[in-house]
Amino acid sequence: MKTLKLALVATLVAFAMVSVANADGFKSKPKFTSRVTLTVDKAMQNPGLVVAMYNQINPDDVLKYGLPPYIFEVKYNSALYVISGTKAQWLRFFRIKGIMPAIKKEVKVIID
């Protein structure tokens with residue numbers, strides 16, 4: 001009977017150690033993101049990246065920066081795009097017609 005109790009205790013301790021070993025959250029390999037450096041003109045050739053730029057870059061930030069370089073980071077398709085350009089290029093980018101940002105704004109409807 002003592003042997004059976006000892007075996008049970010050893011099994012419970014082993015099970016607890018295995019559970020604690022898997023609790024660190026590293027069950028899968030880490031995902032690496034690629035870093036791509038582009039200019040504004042090159043980035044405008046990719047329509048999906050353009051929409052991501054409109055969603056993630058605030059036009060007011062372009063006006064806040066005093067001196068170049070004007071560099072912004074955009075996440076798109078599990079990659080980090082570092083996009084640089086002059087102030088004139090960024091302002092031209094935000095003035096393009098036909099491309100609307102996908103940011104949804106709240107519209108209040110009042111029904112009487």
Check: Sorted by accessible area (1.4 Å probe), largest first, how do 44, 17, 1, 53 line up?
Finding: 1, 17, 44, 53
Notebook entry, point to check: Can you pull the accessible area of residue 19 for me, 1.4 Å probe, Å² to the nearest 10?
Noted result: 60
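Give me the dipole magnitude in Debye, nearest 20, for the range 35-99 about the Cα centre, with unit charges on the beta carbon: positive for Lys and Arg, negative for Asp and Glu.
Using only the charged Cβ atoms, the result is roughly 120 debye.
If I stretch the segment between residue 17 and residue 84 completely, what's the gain in nm (0.36 nm per residue apart, minus their alpha carbon distance), one decimal? All intermediate terms of the calculation are to be shown ahead of the outcome.
Details: separation 67, 0.36 × 67 = 24.12 nm, distance 5.02 nm.
That works out to 19.1 nm of additional length.
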Next item on the list: List the residues whose amide H sits under 5 Å from the amide H of residue 57, counting only those 5 or more places along or on another chain, with H placed 1.01 Å from N in the peptide plane.
Entry: none
Next item on the list: Can you sort 18, 82 by 1.4 Å-probe accessible area, starting with the largest?
Entry: 18, 82
Next item on the list: Could you order 94, 72, 32 by accessible surface area, starting with the largest, using a probe radius of 1.4 Å?
Entry: 32, 94, 72
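The values are calculated or read from the model by the stated rules, or taken from the named source; none is laboratory data. Computed from a predicted model, the values in this text were never measured in an experiment. Glycine gets a Cβ as well: all are built from the backbone with ideal geometry, and neighbour counts include every protein chain shown. Calculation scope for accessible area: heavy atoms of the full protein, side chains included, ligands and nucleic acids excluded. Shrake-Rupley method; radii C 1.70, N 1.55, O 1.52, S 1.80 Å.
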